[in-house]
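Worksheet for the structure shown next.
The values are calculated or read from the model by the stated rules, or taken from the named source; none is laboratory data. Because the structure is a prediction, the values reported are computed rather than measured. All Cβ positions, even for glycine, are placed from backbone atoms using ideal geometry, and neighbour counts span all protein chains on display.
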Amino acid sequence: MKKHRQTEKQFSLKDELFNRRKVEQLAKEIEAVYPEFATKAFIKAVLKDFPEQELMERVRGIRDRLREFLPSAYSDALPIILAAQPPVLDEGKTDNDFGDFIYAPYSYFVATYGCTEKHVARSLAALRELTKRFSAEGALRDFLNAFPKETLEAVEKWSKDTNYHVRRLASEGTRPNLPWAKKITVPPKKLAPILDRLHADRTRYVVRSVANHLNDVTKVDKSLALRLLRKWNKEKRQSARELSYLTNHALRSLVRAGDSDALRLIGFDTGHLRVSAFTLGSKSIRVGESVPFSFTLTSTSHKEQNVMADYIIHFNKASGKLAPKTYKLSKLVLRPNESVHLEKNHTLRLMSTRTLYPGKHVLELQINGRSFGKKIFLLK
């Protein structure tokens with residue numbers, strides 16, 4: 001008997017978020033408040049575009065089809081969009097996701113066709129309503145760049161809103177480096193008062209956004225980010241649990257890079273440590289082999305101290321220059337004058353994300369953000 005192997009269909013995020021059922025749902029909600037809407041033609045036009053579109057292209061594609069099938073005047077189309085909105089997301093929660101992606105095209109419709117001097121006020125008011133169903137964070141960027149004064153005034157009000165999705169928009173939509181979104185020209189310093197208010201928010205959804213915003217800030221204005229975090233840790237307006245979460249999440253990029261100021265802020269002392277017996281198992285390595293190394297770490301403190309031990313491999317590039325890459329080794333607590341032996345085998349295998357070039361490489365120890373010695377090895 002011939003056997004047939006059934007293959008599982010590969011998961012597709014864009015098809016999960018944007019499909020016939022979702023488009024029909026959107027179209028019927030519009031038809032319910034705008035009977036003239038050409039529902040079947042709209043659905044057909046949107047679905048015809050899907051095979052050639054990636055996720056964000058589908059968002060923009062639906063946005064443009066809405067422009068085609070709704071009244072041509074923005075002032076006539078916007079009330080229909082607002083009337084077609086589903087109920088707001090559950091306000092009783094303290095954390096939530098964006099909402100349903102099928103509603104993303106609405107805020108981009110507002111940003112594309114309503115970001116004008118004539119419509120700026122009503123468009124910003126629309127984003128406040130839309131974000132209660134699906135985050136309008138990406139669309140807000142157009143307004144921040146085109147009308148910074150009016151938009152920042154709106155954002156300041158949103159940061160005090162009773163709906164936590166609106167408060168989150170005040171932080172998330174103004175992030176310096178929001179994924180999948182346009183860059184903004186507003187300097188981080190201007191947004192500091194918004195973060196100062198929202199860091200003590202009662203919802204994790206907003207607090208996480210503040211942390212993500214600050215993590216972005218650490219990459220463009222580290223001193224500002226650290227200054228705000230020190231201030232908040234001193235004031236203790238947020239609960240201890242959430243303040244610890246916020247601080248650690250906001251500093252994750254700096255901590256990953258071994259920044260001593262960030263590590264000190266989360267309790268990792270940069271002094272009172274000694275490294276001895278730092279050795280490499282081999283100074284000549286072939287691709288696919290491991291670089292074995294070990295060392296002894298000793299606390300010279302009179303009290304317990306947190307330790308984050310990393311190591312950096314400075315890879316040889318095609319140009320002959322060295323490029324550092326940091327790896328995590330161990331996170332531990334040392335008692336006064338305690339010593340611990342640490343060792344690791346790092347395999348230098350071929351990877352699609354990194355090309356290995358023969359020649360001089362350097363392995364460096366980094367403990368609590370401070371360098372504790374380097375060893376040279378050759379890759380053959």
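Of all residues in the range 206-246, which are in contact (Cβ under 8 Å) with a residue 40 or more places away in the chain and either within 13 Å of the chain's Cα centre (by Cα) or buried (at least 20 other Cβ atoms within 10 Å of the Cβ) (or both)?
Within the range 206-246, Val206, Arg208, Ser209, Val210, Asn212, His213, Asp216, Val217, Thr218, Lys219, Leu246 qualify.
For the range 10-33, indicate whether the set of residues that are among the polar types (S, T, N, Q) and within 23 Å of Pro87 (Cα to Cα) is non-empty.
yes
May I ask you to verify whether Glu242 is of a type in the set (Asp, Glu), closer than 24 Å to Leu332 by Cα and outside the structural domain of Gly92 (by TED's automatic domain parsing)?
No.
Quick one: which helices (runs of 4 or more DSSP H) lie wholly within the range 22-128 and hold at least 2 residues that are surrounded by fewer than 17 Cβ atoms within 10 Å (Cβ to Cβ) and touching a residue at least 12 places away in the same chain (Cβ under 8 Å)?
In the range 22-128, 39-49, 55-69, 74-83 are the helices (runs of 4 or more DSSP H) which contain 2 or more residues that are surrounded by fewer than 17 Cβ atoms within 10 Å (Cβ to Cβ) and touching a residue at least 12 places away in the same chain (Cβ under 8 Å).
Report, by residue number, each residue of the range 304-358 that is modelled with pLDDT under 95 and among the aromatic types (Phe, Trp, Tyr).
Selection gives Tyr327, Tyr357.
All but one of (1) in contact with a Pro (Cβ under 8 Å, 6 or more places away or on another chain); (2) within 24 Å of Leu144 (Cβ to Cβ) hold for Ile80, so report the exception by its number.
(2)
I'm checking my understanding of the structure. Among residues of the range 132-185 that are part of a helix (DSSP H, G or I), within 22 Å of the chain's Cα centre (by Cα) and of a type in the set (Val, Ile, Thr), which one is nearest to Asp196 (Cα to Cα)?
Among residues in the range 132-185 that are part of a helix (DSSP H, G or I), within 22 Å of the chain's Cα centre (by Cα) and of a type in the set (Val, Ile, Thr), the one nearest to Asp196 (Cα to Cα) is Val155.
Would you be able to tell me the number of residues in the range 290-323 that are of a type in the set (Gly, Ala, Ser) and exposed (fewer than 14 other Cβ atoms within 10 Å of the Cβ)?
4
Check the range 101-109 and report whether any residue there is modelled with pLDDT of 95 or more, more than 28 Å from Lys189 (Cβ to Cβ) and touching a strand residue (DSSP E or B) at 6+ places or on another chain (Cβ under 6 Å).
yes
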